[in-house]
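Below is one structure, written out as structure tokens; the observations come after it.
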Amino acid sequence: DGQWLAGLMAGYSQSDLDLDRGTSGTVDSYYAGAYTTWLDAQTGYYFDGVVKINRFQNKSDVNLSDNTSTKGSYSNYGVGASAEFGRHIKLDEGYFVEPYAQVSSVIIQGKDYDLDNGLRAKGDRTRSLLGELGSTVGRNIELAGGQVVQPYLRAAYV
């Protein structure tokens, strides 16, 4: 007897990388995904799930040990998912505690590519699996106009 909510998301982000000896790069990430939340208001139990796919466009400017430089670019894909289960426990005066467990995973495609000086770079597939146990503590504060502010603190063992 809970309530399900679901939705779609899409977006873009850019990361600028500055490495040792003047080497730099950029990663443009385009992503799309879906999410869902289930909440049982009577017991406070909840579930959150997310699935996302990314397309990464990577560019690198590499300074070599002989003081020359070279450039390269490539595209690859990644897919990730996350699932969280917990319980929202209401306390007195608007305070709450929310213990939870979460597991998340991502796989990023490996890609070999050529730099403009003929050097071939090999990129391996990247995999990550992360488990987390933690708790959120906070308070719901109702303002004069009926709005609610919810400051909270979240800590976890990863």
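Readers should treat all values here as calculations from the given coordinates under stated rules, not as data from a laboratory. A quick note: this is a predicted structure, and the numbers were derived from the prediction, not measured. All Cβ positions, glycine included, derive from the backbone under ideal geometry; neighbour counts span all protein chains shown.
Rank-order 125-131, 28-34 by packing density, defined as the average count of other C-beta atoms within 10 Å over each peptide's residues, highest first.
On the way: 125-131: 10.6, 28-34: 14.7.
Final packing ranking: 28-34, 125-131.
Counting other C-beta atoms within 10 Å, which of LEU115, LEU91 has the fewest, and how do the rest follow? Intermediate values should be presented prior to the final figure.
Details: LEU115 17, LEU91 10.
Taking fewest neighbouring Cβ atoms as first place, the list is LEU91, LEU115.
Write down Rg/Rh for the chain, rounded to two decimals, with Rg from the C-alpha atoms and Rh from the Kirkwood relation over Cα pairs.
Working: Rg = 22.0 Å, Rh = 19.3 Å.
That ratio is 1.14, to two decimals.
Count the lysine pairs in the chain whose Cα atoms lie under 15 Å apart, taking only pairs 8 or more positions apart in sequence or on different chains. Each step should come with its number before you reach the end.
Numbers: LYS59/LYS71; LYS59/LYS111; LYS59/LYS122; LYS71/LYS122; LYS111/LYS122.
Count of close lysine pairs: 5.
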